[in-house]
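The values are calculated or read from the model by the stated rules, or taken from the named source; none is laboratory data. What you are looking at is a predicted structure, and each value in this text was computed from that prediction instead of being measured. Here the Cβ positions follow ideal geometry from the backbone for every residue, glycine too, while neighbour counts run over all protein chains shown. Keep in mind that these areas ignore ligands, DNA and RNA; they rest on the heavy atoms of the full protein, side chains included. Shrake-Rupley method; radii C 1.70, N 1.55, O 1.52, S 1.80 Å.
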Amino acid sequence: MYYDAAALDRCLPYPELIAALREGLKTPCVTPLRGVHKLDADANNQLLLMPAWQQGEAAGVKLLTVFPGNPAQGKATIQGIYVLFDGKDGTPTALLDGTRLTLRRTAALCALGTTCLAPAKADDLLVIGTGSLAPHVVQAHAAERSWKRIVIWGRNQTALKAMADQLAVQGIKVETTDNLEAAVRSSQVISAATSSRQPLLKADWIAPGTHINLLGAYTEEMHEAEPELIAQATVFVDDRDSVLAESGEIIAALAQGLINHDHLKEDISTLVSNPRRARAADEVTLFKSVGFGALDLIAAHCLAQRV
């Protein structure tokens, strides 16, 4: 059975997907590091392979291509497919649209990170980016709690307005801004979903008590936040080995001697298994995600059990 993007939207609504990740991450899962293969020398086109398995339950692999020049041709940057296998006899059980699966599980994980780490009364959200992931981040957060104010920012004002209109059709009201610094300074929760190679978030913009999610940078060349911001925050990660190998922000902060490996606290599996102590009122928390195979496996297995 093949599940396209529309089927994933229908069969994996955000409340159920977030709950599935919260429970599924409590179960040990083998997740080898993502295989990244450059397809050329100049265009940064890549082939990604992401396997994962839970013994006796399920196994799967996601195959993705990343072609940064695609948007100029009206095509998605990231395209792919996910293959799910039965964990008892190895039978292929489902094929899923890998692009939509990535968007939905990443957005759901981001909302879960906010739930685990942000102030309980935070009701002011800023989402940075206008790519395909950003509206899903808004949708997932809107499914997890009520927000007094949701603001979105992006470099492309046309894309920003289109995103706001798209969300309005779904019943989610957002405000747009062209002043990133002012928006950051006034937001309690910030989620960045970009592929920026220059830091967007400055350390001295962040107010005490803020929670930040960094989702977009998954290579050493990408940076959504200054290394100094990493150093001043209490940092949590989705998967420690993956973040240390792939996160541009973390690698830069380590290379500059601003942090050591102990600066990275619990990963998301530990957070959902053992809820963290109450955060200090002025503590800046940061959740860094580069994505790892267990997330796809949990989401795909959840879909297979629901249909």
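Would a scan of segment 7-29 turn up a residue that is modelled with pLDDT under 95, touching a Gly at 6+ places or on another chain (Cβ under 9 Å) and among the polar types (S, T, N, Q)? No. Among residues of segment 63-85 being touching a residue at least 40 places away in the same chain (Cβ under 8 Å) and aliphatic (A, V, I, L, M), the one that is surrounded by the most Cβ atoms within 10 Å (Cβ to Cβ) is LEU84. When you look at ALA294, is it under 14 Å from the mean Cα position of the chain (by Cα), part of a helix (DSSP H, G or I) and small (Gly, Ala, Ser), yes or no? Yes; evaluated as a whole, the condition is true for this residue.
Quickly run through segment 172-213 and pick out the residues that are among the polar types (S, T, N, Q) and in contact with a Leu (Cβ under 6 Å, 6 or more places away or on another chain).
THR176, SER187
The single condition among (1) out of contact with any Phe, Trp or Tyr (no Cβ under 7 Å at 6 or more places or on another chain); (2) more than 15 Å from CYS110 (Cα to Cα); (3) open to solvent by 20 Å² or more (accessible area, probe 1.4 Å) that LYS265 does not meet is (1). Among residues that are in contact with a helix residue (DSSP H, G or I) (Cβ under 8 Å, 6 or more places away or on another chain) and under 29 Å from ARG279 (Cβ atoms), PRO135 is included.
Annotation: of all residues in segment 135-181 being basic (Lys, Arg) and out of contact with any Ser or Thr (no Cβ under 9 Å at 6 or more places or on another chain), the one that is surrounded by the most Cβ atoms within 10 Å (Cβ to Cβ) is LYS173. The set of residues in segment 245-279 that are closer than 24 Å to ARG22 by Cβ, without any contact (Cβ under 8 Å) to a residue 40 or more places away in the chain and part of a loop (DSSP other than H, G, I, E, B) comprises ASN274, ARG277, ALA278.
Annotation note: of GLU228, GLU224, GLU220, the sole residue that is touching a strand residue (DSSP E or B) at 6+ places or on another chain (Cβ under 8 Å) and not aromatic (Phe, Trp, Tyr) is GLU224.
Does GLY257 satisfy the criteria of being over 27 Å from LEU49 (Cβ atoms) and either open to solvent by 30 Å² or more (accessible area, probe 1.4 Å) or among the charged types (D, E, K, R) (or both)? Considered against the rule, which asks whether it is over 27 Å from LEU49 (Cβ atoms) and either open to solvent by 30 Å² or more (accessible area, probe 1.4 Å) or among the charged types (D, E, K, R) (or both), GLY257 comes out as yes. For segment 44-61, taking the residues that are open to solvent by 50 Å² or more (accessible area, probe 1.4 Å) and within 18 Å of GLU220 (Cβ to Cβ), the one that is farthest from the chain's Cα centre (by Cα) is identified as ASN44. Could you grab me the full set of residues in segment 23-43 that are buried (at least 19 other Cβ atoms within 10 Å of the Cβ) and either farther than 16 Å from SER242 by Cβ or touching a His at 6+ places or on another chain (Cβ under 8 Å) (or both)? GLY24 - this is the single residue of segment 23-43 that is buried (at least 19 other Cβ atoms within 10 Å of the Cβ) and either farther than 16 Å from SER242 by Cβ or touching a His at 6+ places or on another chain (Cβ under 8 Å) (or both).
Screening the candidates ILE190, ILE206 for the property of being over 24 Å from ARG104 (Cα atoms) and either buried (at least 17 other Cβ atoms within 10 Å of the Cβ) or touching a helix residue (DSSP H, G or I) at 6+ places or on another chain (Cβ under 7 Å) (or both) yields one hit, ILE206. Hey, does segment 86-108 have a residue that's buried (at least 24 other Cβ atoms within 10 Å of the Cβ), modelled with pLDDT of 95 or more, out of contact with any Pro (no Cβ under 9 Å at 6 or more places or on another chain) and over 19 Å from LEU49 (Cβ atoms)? Taking every residue of segment 86-108 in turn, at least one turns out to be buried (at least 24 other Cβ atoms within 10 Å of the Cβ), modelled with pLDDT of 95 or more, out of contact with any Pro (no Cβ under 9 Å at 6 or more places or on another chain) and over 19 Å from LEU49 (Cβ atoms).
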